[in-house]
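Chemist: One structure, as structure tokens, below. Some questions next.
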Amino acid sequence: MSTSPPVRARLQLSAPASTKPPRHLADLDAAARREAVAGLGDKPFRARQLSVHYFDHLSDDPATMTDLPAAGRERLVAALLPRLLTPERSLACDGGSTVKTVWRLFDGALVESVLMAYPGRVTVCVSSQAGCGMGCPFCATGQAGLTRNLSTAEIVEQVIAAARGLARGELPGVRRTAAVSNVVFMGMGEPLANSPAVVATLRRLAEARPDGFGLSARGITVSTVGLVPAVDRLAQEGLPVTLALSLHAPDDALRDELVPVNNRWPVAEALDAARRYFDATGRRVSIEYALIRDVNDQAWRGDLLGRELRRRGKGWVHVNPIPLNPTPGSRWTASAPGARQAFVAALVAHGVPATVRDTRGREIDGACGQLAAAAPAAATAASSRDTFAEASADGARRRAQ
Ligand code: SAH
Ligand code: SF4
């Protein structure tokens, strides 16, 4: 089988010019919030009250904010807590413990987030861009190109919306007391091509309440194709988030095709940057590797990857091989279980830990690389609850077949 991709995608490293989404409290740090409130003619301490409502009570409804004077409350909320995400469609699977939501943004752009509940842990997978300019040929998001960068608040809002859904008991398969514990930047987009907004999001998520969402930075993973200068800058931010490097091939000849940005920052440079990230943060790096049948899943490639990682030290990295989620129309498919095992064994032989990752959300195109934000027209009028129920029943039917 030829390994060349069907279309050689063009790289788009920076986003096209676009109108900015409305300003939101989550775009601002505590000092800027006070200034913004003062600029609206209100007492600066109201900024903290608004932050408590948003990050602690997950509310943007002026009716609940009885500690704010009734006169002017609506105005403050309209100015600092505009709704940035409108649900277009929600789909659930895995017994209601995985939910994908398609969001419409202020300018009509569509993005997706996925909530995955496990015993003792709830992970939200967020989008950092509408579309993606990196053009990886095996990824659904990469096929449509980049529409625009998301703002900090548009990313934070995906997490808050998930937390709200949990708190309101809207998820059929999840206890109401469950809380968001992890955030992974593995939805649409290349987070490090939108670094300023993503770094501000990391701060907002990790800051203690009420200034931020109060999540442990250790529970956050930023996944990147390896934009080396941006990886180095992230390492210096003082935020101990986990870095995931989407490698997918240990040799430049193949990675140039699977991850076109490799033409700019080849395997050795990406791995060196990953190792520097570990040195700077002490956080073990994850290497993401989508196993594609007869393309990158040969045991010799597992062996080469093991050697390249071990050459850079011990205990600094682990590998997440994940069977490819084939995208519609792709002639590539997932590796056979035997090849998967042989690949993992080749890594383990070098003392490199490798765990095959959980692939939640396949049935609803919510798994890694499947997010394309195609919103079927028929879904627009359906309430979330109806679509959850529909999707759960559909999932159960398929599992039973
Ligand atoms: N742009 C970033 C983050 C979003 S993609 C990145 O590429 O790292 C999140 C993860 O999904 C990446 O590891 C990506 O390589 C992987 N992925 C993309 N398409 C996939 C597919 N079809 N099957 C399995 N994983 C895929
Ligand atoms: Fe973009 Fe990541 Fe998809 Fe590549 S794999 S196109 S970087 S979202």
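The values are calculated or read from the model by the stated rules, or taken from the named source; none is laboratory data. Owing to the predicted nature of the structure, the values given are computational and were not obtained by experimental measurement. Positions of Cβ are backbone-derived with ideal geometry, glycine not excepted, and every protein chain shown enters the neighbour counts.
Chemist: Given Asp56, Asp107, Asp67, which one is acidic (Asp, Glu) and within 22 Å of Pro191 (Cα to Cα)?
Modeler: Details: Asp56 fails: within 22 Å of Pro191 (Cα to Cα); Asp67 fails: within 22 Å of Pro191 (Cα to Cα).
One residue alone meets the criteria, Asp107.
Chemist: Counting residues that are aliphatic (A, V, I, L, M) and more than 15 Å from ligand 2 (Cβ to nearest atom), which strands (runs of 3 or more DSSP E) fully inside the range 112-177 reach at least 1? Quick ask: steps written out before the conclusion?
Modeler: Details: elements: 121-125, 129-131, 146-149.
Because the criterion is at least 1 residues that are aliphatic (A, V, I, L, M) and more than 15 Å from ligand 2 (Cβ to nearest atom), the strands (runs of 3 or more DSSP E) in the range 112-177 that meet it are 121-125.
Chemist: State the number of residues belonging to the range 327-364 that are within 24 Å of Thr141 (Cα to Cα) and away from ligand 2 (no atom under 16 Å from the Cβ).
Modeler: Our first condition is that a residue be within 24 Å of Thr141 (Cα to Cα); within the range 327-364, this holds for 327-335, 356-364.
Narrowing the set further to residues that are away from ligand 2 (no atom under 16 Å from the Cβ) leaves 331, 333, 335, 356, 358, 360, 362-364.
Total meeting the criteria: 9.
Chemist: Quick one: is Leu192 over 16 Å from Glu157 (Cα atoms), without any contact (Cβ under 8 Å) to a residue 60 or more places away in the chain and under 13 Å from the mean Cα position of the chain (by Cα)? Break it down into steps so the answer makes sense when it comes.
Modeler: Values: over 16 Å from Glu157 (Cα atoms): yes; without any contact (Cβ under 8 Å) to a residue 60 or more places away in the chain: yes; under 13 Å from the mean Cα position of the chain (by Cα): yes.
It is true that Leu192 is over 16 Å from Glu157 (Cα atoms), without any contact (Cβ under 8 Å) to a residue 60 or more places away in the chain and under 13 Å from the mean Cα position of the chain (by Cα).
Chemist: Okay, next question. Please verify whether the range 207-221 includes one or more residues that are assigned to a loop (DSSP other than H, G, I, E, B), among the basic types (Lys, Arg), more than 16 Å from ligand 2 (Cβ to nearest atom) and closer than 17 Å to Asp29 by Cα. Step through it out loud before you land on a result.
Modeler: Our first condition is that a residue be assigned to a loop (DSSP other than H, G, I, E, B); within the range 207-221, this holds for 207-216.
Now restrict to residues that are among the basic types (Lys, Arg): 209.
Next, only the ones that are more than 16 Å from ligand 2 (Cβ to nearest atom) stay: 209.
Subset that is closer than 17 Å to Asp29 by Cα: 209.
Among the residues of the range 207-221, at least one is assigned to a loop (DSSP other than H, G, I, E, B), among the basic types (Lys, Arg), more than 16 Å from ligand 2 (Cβ to nearest atom) and closer than 17 Å to Asp29 by Cα, which makes the answer yes.
Chemist: Further, regarding this structure: What number of residues within the range 49-89 are of a type in the set (D, E, K, R) and within 28 Å of the chain's Cα centre (by Cα)?
Modeler: Let us first name the residues in the range 49-89 that are of a type in the set (D, E, K, R), namely 56, 60-61, 67, 73-75, 83, 88-89.
Those left that are additionally within 28 Å of the chain's Cα centre (by Cα): 56, 60-61, 83, 88-89.
The number of residues fulfilling the criteria is 6.
Chemist: State whether one or more residues within the range 24-39 are surrounded by 14 or more Cβ atoms within 10 Å (Cβ to Cβ) and either modelled with pLDDT under 95 or within 16 Å of ligand 1 (Cβ to nearest atom) (or both).
Modeler: The answer is no, given that none of the residues of the range 24-39 is surrounded by 14 or more Cβ atoms within 10 Å (Cβ to Cβ) and either modelled with pLDDT under 95 or within 16 Å of ligand 1 (Cβ to nearest atom) (or both).
Chemist: Does Leu171 fit the bill of being within 15 Å of ligand 1 (Cβ to nearest atom) and either modelled with pLDDT under 95 or not charged (D, E, K, R) (or both)? So that I can check it myself, show each step before the final result.
Modeler: Working: within 15 Å of ligand 1 (Cβ to nearest atom): no; either modelled with pLDDT under 95 or not charged (D, E, K, R) (or both): yes.
Considered against the rule, which asks whether it is within 15 Å of ligand 1 (Cβ to nearest atom) and either modelled with pLDDT under 95 or not charged (D, E, K, R) (or both), Leu171 comes out as no.
Chemist: Now for a separate question. Across the range 174-196, what is the number of residues that are hydrophobic (A, V, I, L, M, F, W, C) and within 13 Å of ligand 1 (Cβ to nearest atom)?
Modeler: Step one: of the range 174-196, the residues hydrophobic (A, V, I, L, M, F, W, C) are 174, 178-180, 183-186, 188, 192-193.
Restricting the remaining residues to those that are within 13 Å of ligand 1 (Cβ to nearest atom) gives 183-186, 188, 192-193.
So the answer is 7.
Chemist: Consider Gly212 carefully, then state whether it is more than 21 Å from Asn262 (Cβ to Cβ), under 15 Å from the mean Cα position of the chain (by Cα) and at pLDDT 95 or above.
Modeler: Details: more than 21 Å from Asn262 (Cβ to Cβ): yes; under 15 Å from the mean Cα position of the chain (by Cα): no; at pLDDT 95 or above: yes.
The answer is no for Gly212.
Chemist: If you check every pair at least six apart or on different chains, which have Cβ atoms under 6 Å apart with a residue in the range 303-327 that is assigned by TED's automatic domain parsing to the domain that holds Pro337 and away from ligand 1 (no atom under 15 Å from the Cβ) first and a residue that is of a type in the set (A, V, I, L, M, F, W, C) and part of a strand (DSSP E or B) second?
Modeler: Note: pairs meeting the criteria are Leu309/Val317.
Chemist: Counting only residues that are over 16 Å from Ala346 (Cβ atoms), give me the helices (runs of 4 or more DSSP H) lying completely in the range 229-313 with at least 2 of them.
Modeler: Working: elements: 252-258, 267-281, 299-311.
Answer list for the range 229-313: 252-258, 267-281.
Chemist: How about the range 74-89: which of its residues are crowded, with 20+ Cβ neighbours inside 10 Å and more than 16 Å from Val159 (Cβ to Cβ)?
Modeler: If the condition is that a residue be crowded, with 20+ Cβ neighbours inside 10 Å and more than 16 Å from Val159 (Cβ to Cβ), then Leu76, Val77, Leu80, Arg89 are the ones that fit.
Chemist: Can you tell me which residues in the range 178-191 are surrounded by fewer than 24 Cβ atoms within 10 Å (Cβ to Cβ) and either modelled with pLDDT of 95 or more or within 16 Å of ligand 2 (Cβ to nearest atom) (or both)?
Modeler: Pass one, the range 178-191, residues surrounded by fewer than 24 Cβ atoms within 10 Å (Cβ to Cβ): 178-182, 184, 186.
Of everything in the range 178-191, those that are surrounded by fewer than 24 Cβ atoms within 10 Å (Cβ to Cβ) and either modelled with pLDDT of 95 or more or within 16 Å of ligand 2 (Cβ to nearest atom) (or both) turn out to be Val180, Ser181, Asn182, Val184, Met186.
Chemist: Additional query: Could you grab me the full set of residues in the range 49-64 that are surrounded by 15 or more Cβ atoms within 10 Å (Cβ to Cβ), of a type outside the set (A, V, I, L, M, F, W, C) and in contact with a Pro (Cβ under 9 Å, 6 or more places away or on another chain)?
Modeler: Within the range 49-64, Gln49, Ser51, His53, Tyr54, Asp60 meet the criteria.
Chemist: Cβ-Cβ under 6 Å, sequence separation 6+ or interchain: first residue in the range 246-261 and in contact (Cβ under 8 Å) with a residue 24 or more places away in the chain and more than 12 Å from Cys136 (Cβ to Cβ), partner hydrophobic (A, V, I, L, M, F, W, C) and more than 8 Å from ligand 2 (Cβ to nearest atom). Which pairs?
Modeler: Sorted first by the residue in the range 246-261, then by its partner, the pairs are Pro250/Leu304; Pro250/Leu305.
Chemist: All but one of (1) polar (S, T, N, Q); (2) modelled with pLDDT of 95 or more; (3) part of a loop (DSSP other than H, G, I, E, B) hold for Ser195; state the number of the condition that does not hold.
Modeler: (3)
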